[in-house]
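The values are calculated or read from the model by the stated rules, or taken from the named source; none is laboratory data. Keep in mind that what you see is a predicted model, and the values were worked out from it rather than measured. Note that each Cβ is placed from the backbone with ideal geometry, even for glycine, and that neighbours are counted across all protein chains shown. Only protein heavy atoms, including side chains, enter the accessible area calculation; ligands, DNA and RNA are left aside. Shrake-Rupley method; radii C 1.70, N 1.55, O 1.52, S 1.80 Å.
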Amino acid sequence: MAVVVVTNRIPESGMAKLRAEHEVRAWEHEECISREEALRLVAGADAVLTLLTERVDGEFLDAAGPQLKVVANVAVGYNNIDVAACEARGVIATNTPRVLTETTADTAFGLMLMVTRRFGEGERIIRSQTPWQWGMFYLLGMGLQGKTIGIVGMGQIGIAMARRAKAFGMSIVYADDYDPPAAAVEGLDARKVSLDELFATADVVSLHCPYLPSTHHLVDEARLRSMKRTAYLVNSARGPIVDEEALVAALRAGEIAGAGLDVFEKEPAVHPGLLELENVVLLPHLGSATTETRAAMADLAADNALAVLRGDAPLTPVTKL
Ligand code: DGY
């Protein structure tokens, strides 16, 4: 029997899989584990399940000890994991792709609808009991039909966003270093363009790329200025892909029409400038937040850890070993 440490609460189905085969030590509290407690809890673990709120670096891996075989992140994004540090120690790291694709695309699409149709503003008016009256020109937004969405990062979630956009009658352009599988984009009439062209022509720019050193502040002052003044930015990927300071300035100056954000540069902190702006929709990182998807994520992370502990190949590794 190996020792599996789970550093935060995860759905019971994943826990049950782990408990059926191994001794499980888990952080059971509602609030996130602190760094100190995480370093204490992982000591002696053969496998660790982590959330995106844990920083898995050399210190974390060394605190676990040399017997550690696998870190299974319960998230598709793994910018919280120092992959090189894992590889240097012979530790396999895994993530949870595919199981959250549709849910996260739903969130991004929801943000796009909310911000372009001003639903957040409308809701705030009702809730604050501000007097209002139906009017021909009251709270007009931008229709999506016939508009162009620019998808940055045409991976699984980007493609799922494109499918939704197509169903809404939008044209699709995308930018990516890689080409998506032809079958996955069949029928979307999606056109690959440069980032420069995408930002200059899209009516909505939606970010679906991973957060890497090369995508840090990909959306900076210059990119924001290159967007149409009528265009919107949607970010459901990772906060630091956008220079939040520059975004606030661009929104204040009317350089873009609005933004829908599920993620923030210094999460959970939100730039105070964003809070003051009506043309911004803000969600607390709800991308994959459905009961079904979170259970599927926990299951996949558990399956990854269990496979490695059995001596089998992990299902969805991110390390090269
Ligand atoms: C992820 O998985 O990377 C999301 O941000 C949370 O589900």
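Quick look at the numbers
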item: Prolate/oblate/rounded call for segment 181-224, Cα gyration tensor, a/c under 1.5 rounded; result: oblate
item: Cα→Cβ-extended label distance, 7 Å offset, between A167 and A84, nm; result: 4.2
item: Convex hull of Cα atoms in segment 101-282, direction-averaged projection (nm²); result: 10.6
item: Sequence-distant aspartates and glutamates (8 or more away, or on other chains) whose Cα lies within less than 14 Å of K192; result: D176, D177, D179
item: Span per principal axis, largest first, for the Cα atoms of segment 41-178 (Å); result: 68, 40, 19
item: Links that overshoot a 32 Å alpha carbon limit, given the list K17/K320; K17/K166; K69/K166; K228/K266; result: K17/K166; K69/K166
item: Cβ-derived FRET efficiency at R0 41 Å, H29 paired with A253, nearest 0.05; result: 0.40
item: Percentage, to the nearest whole number, of Cα pairs in segment 215-321 over 21 Å apart; result: 48
item: Whole-angstrom Cα spans of segment 122-228 along principal axes, big to small; result: 51, 33, 22
item: Peptides 197-207, 109-119, 217-227, 181-191 ordered by average Cβ neighbours within 10 Å, highest first; result: 197-207, 109-119, 217-227, 181-191
item: Fully extended contour minus Cα-Cα distance, from L277 to M1, at 0.36 nm per residue; result: 94.0 nm
item: Chain lengthening between L195 and E12 when straightened (0.36 nm per residue, less Cα-Cα); result: 61.7 nm
item: Expected 222 nm ellipticity per residue - DSSP helices of 4 or more, -39500 (n - 2.57), all of the chain, to 500; result: -10500 deg cm²/dmol
item: Accessible area (Å², per residue) of the chain, counting only protein heavy atoms and a probe of 1.4 Å; result: 47
item: Ratio of Rg to Rh over the chain (Cα coordinates, Kirkwood Rh, two decimals); result: 1.01
item: Protein accessible area in the chain, 1.4 Å probe - carbon and sulfur %; result: 55
item: Normalised alpha carbon radius of gyration of segment 194-265 [divisor 2.2 N^0.38 Å]; result: 0.96
item: Highest to lowest packing among 282-293, 297-308, scored as the average C-beta count within 10 Å; result: 297-308, 282-293
